[in-house]
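S.K.: Quick one: structure below, then a few questions.
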Amino acid sequence: MRRLAPVALFLFCLDTGAALAQDWHAFVSREEYFLVSMPAEPEVVTIEYTAASGAIVPAKTFTAADNGTVYTATVVHYMAADRADIDAAIEHAVRTFRARPGEVTYDNMQVMEGLPGHMIYLSNPDGSRTAAGMYMHAGPSEWGGPDRLYILEATAPPGQPPAIHFSQSFFLLDSEGVRLEYQTDENGRRVRNMRIQQENPGAAYGARDPMTCDSLTEPSDGKPTAARAAELLRCSMEGIGDGSLFLLEDLVVSEVGDGEAVDEVNVPDIDTSASAAVDAGYFRDIDTAEPAYPIRGSLVRYECRRENAENAGANCWRYEEPNASGRCYRTSSGEWNCLMSDLALVRTDGVAPPGPLE
């Protein structure tokens, strides 16, 4: 399972395909080596893009809209650009977003598919909200498509939640149209991640292993207890993805609300009240015939990188989330999935990974 961090990114965990609402589909561009979830067939336009040095490089935009939200995937061709422009591609793209009017509400480096990247969210002067992610597939690559910058941007109108799920639905593809994901080996080289199941996965991070559940189908009827919701949260949110280990500590579920009807149409907010309908497009493989249960509580989330000589004992980011909320719901396979986060979090860098659960 792919895990994405931080903030509400944990609300949208993806497998090897995208979590789609009823009318959404996985749009594939074999020519540009990527897959992304789109609400409709996008309009494709060839444009010119200005690199950090001022050089003009070719690019393409793939744009679609749904319920007032505009989704754009921009692919910038750095194949013939100077190395300095390639090295500066992500930071240059981030600066263009920081220079926009409005307030930057989130701004942090990320790793996606093993690629360097960045996430940035904006609250715009007109009340709309923009969520963007950018990822650089720098060369060389024996699997195809190097030296492309991917910019995934979604702007939601006032009153609607930020469409942070869009950039998370991005997958890199190889020349055969198969998912291409990288990892860093023990020699610091970028290699293809073939997703081989590993024993004691936490050892490489100096941390405990992520929690797994023998069964995710209990309870078979009604809502989970607070204790069971906490177990399901760990099994849903802990794991390894994109080179990071994600663990939860000090997890408390203080409230499990009454069941809500699942609405396949976008709703204004997913975290406001127990009476709000649930937006099926935000939750992975949700069974729309079953109710979803709002949960509230608190947690401390760790995102850890592999230990090495330089970062040993300080290889994690720590996120305190004292007012977290989310949902527990059933998937179409009958298993429970629970997700919870706090948008107003406190981050501490360079901390030690958590030890065994007590």
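S.K.: Given (1) part of a loop (DSSP other than H, G, I, E, B); (2) under 28 Å from VAL300 (Cα atoms); (3) modelled with pLDDT under 90; (4) hydrophobic (A, V, I, L, M, F, W, C), identify the lone condition not met by ALA204.
M.R.: (1)
S.K.: Residue pairs, Cβ under 7 Å, 6 or more apart or interchain, first in region 330-353 and within 21 Å of GLY239 (Cβ to Cβ) and at pLDDT 90 or above, second of a type outside the set (Ser, Thr, Tyr) and surrounded by fewer than 12 Cβ atoms within 10 Å (Cβ to Cβ). List them.
M.R.: ALA352/GLY313
S.K.: Can I ask one more? Which members of region 72-120 meet the condition of being modelled with pLDDT of 95 or more, in contact with a strand residue (DSSP E or B) (Cβ under 7 Å, 6 or more places away or on another chain) and of a type in the set (Ser, Thr, Tyr)?
M.R.: THR72, THR74, TYR78
S.K.: Every residue in region 134-159 that is more than 17 Å from GLU181 (Cα to Cα) and either buried (at least 19 other Cβ atoms within 10 Å of the Cβ) or in contact with a helix residue (DSSP H, G or I) (Cβ under 9 Å, 6 or more places away or on another chain) (or both), please.
M.R.: Listed by number, the residues that qualify are ILE151, LEU152, GLU153, ALA154, THR155, ALA156.
S.K.: Another question, if that's okay. Limited to region 39-84, what total is found for residues that are surrounded by fewer than 19 Cβ atoms within 10 Å (Cβ to Cβ), in contact (Cβ under 8 Å) with a residue 60 or more places away in the chain, of a type in the set (A, V, I, L, M) and part of a loop (DSSP other than H, G, I, E, B)?
M.R.: Number of matching residues: 1.
S.K.: To continue, here is another question. Could you go through region 107-114 and let me know if any residue there is out of contact with any Gly (no Cβ under 9 Å at 6 or more places or on another chain), in contact (Cβ under 8 Å) with a residue 60 or more places away in the chain and under 23 Å from PHE27 (Cβ atoms).
M.R.: yes
S.K.: Another question about this same structure. Among the residues of region 324-358, write down those that are among the charged types (D, E, K, R) and not in a strand (DSSP E or B).
M.R.: Hits for region 324-358 are GLU335, ASP342, GLU358.
The values are calculated or read from the model by the stated rules, or taken from the named source; none is laboratory data. Note that the structure is predicted; figures quoted are calculated from it, not measured. Quick reminder, even Gly has a Cβ in these numbers, built from the backbone with ideal geometry, and neighbours come from all protein chains shown.
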